[in-house]
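Everything on this sheet refers to the single structure shown next.
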């Protein structure tokens, strides 16, 4: 949205410098384009920015901020000298290095700060910043511990400042379009959302390379620790902090926060009423004390369930995405946005064949019955992007079954069994009849599965 009129300093901070448009540009992931940034503003409205923490993510944010009109990054601070050197170079030498973040907060010439430090520092720094009269953009998650959130909110209100939490996915046009489609009712009744974040590399699992110049001369270990438990110097912990509970919640707070925030935005939801989660460390055991595989089920009072999953041990099709499942169709978000109409046909032949023949004949003479048995065969509608996930139609049913079975202590159904006999009961024969899963649908599913197998190099069964 282009803005030609003059905007004052406060409006600019709210709408651009720390706004979701700016940070959405820095995502570097395929969640769609961010909205356009505002037009150039007068010099008198220039916003000065101090960067607290200038690691890899913060330097992406710096690049985005520097493209915005009327902004200037004037200060940087980090516990590793190599990062501050690189950050100053990005500003062509204009930014000043501060040894302590409190020096940035004490500088009256700085309007606003970006906090992109390890999670365990977020609450302390954000509260200190608003008390110092700064507006704040803090990277997700807002806090390391839940109870810290209430403290931040209270301090922001008391100080009358602006604080925004970085969650750039919902700034993308793709998710904004998805929100509009869901609200329009095009999907029918949405009762399930599936979201995932999967990786299968050391870097994806946060085992980042450690710079060879790491030493007591370049790394301020005590500054890094801050409120965390005291430990001896450990550069693996310093540069790979997401792998350790002292500084991060791992997948739940680093990746699930993206998924949950986006689900809340697209579904216009607030807070789950119930949830259950399970995580385990299966593979990267020598490099962390947080799980490398996590699954969670969230139940919302708005009338849907969200299934979240993440693993660092496989990356099928895409790193992350969403499936929003409605009674009339589904939205798939990943490397784009596509709408998939439901393929539904009612075939109750196996039921009515047990009736007296005269009643069976009368049943099939009913025009309504004949029309309901005609399947919907429309092709998926591509709404944004060029790539879509290739999914098999029975996955949602199996996932729901397995969730219910796990809670009830029953064995889970496998996809292979569903493929062999999709007309068998899901939970009851009555429910199966309502789902209309018969041989005609079975052949369609088998064909989809076969095509998917051939594309991935697996044997088609």
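Read-outs: derived from the displayed coordinates by stated rules, not from any lab. Worth saying up front: this structure is predicted, and the values here are computed from it rather than measured. Counting neighbours? That spans all protein chains shown, and the Cβs are built from the backbone with ideal geometry, glycine included.
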Expressed in nanometres to one decimal, the distance between label points 7 Å along Cα→Cβ at residue 46 and residue 99 is 2.8 nm
Hits in region 296-312: amide N under 17 Å from the 7 Å Cα→Cβ extension of residue 57, namely none
Expressed in angstrom and ordered largest first, the alpha-carbon extents of region 228-348 along the principal axes are 66, 31, 29
If R0 = 35 Å, then residue 184 and residue 366, at their Cβ-Cβ distance, give a FRET efficiency to the nearest 0.05 of 0.60
Mean Cβ-within-10 Å packing, highest first, puts peptides 284-291, 355-362 in the order 284-291, 355-362
Computed curve, region 82-203, Cα-only Debye sum without solvent term, log₁₀ I(q)/I(0) at 0.10, 0.17, 0.20, 0.23 Å⁻¹, is -0.48, -1.01, -1.14, -1.27
One finds the C-alpha centres of region 121-184 and region 250-315 to be spaced, in Å, by 19 Å
Between residue 213 and residue 173, Cβ-based FRET efficiency (R0 41 Å, step 0.05) works out to 0.50
For region 227-267, the convex hull over Cα atoms projects on average to an area in nm² of 3.5 nm²
Ordering 125-138, 149-162 by per-residue average of other C-beta atoms within 10 angstrom, highest first, gives 125-138, 149-162
Computed from the beta carbon distance with a Förster radius of 30 Å, FRET efficiency for residue 283 and residue 151 to the nearest 0.05 stands at 0.25
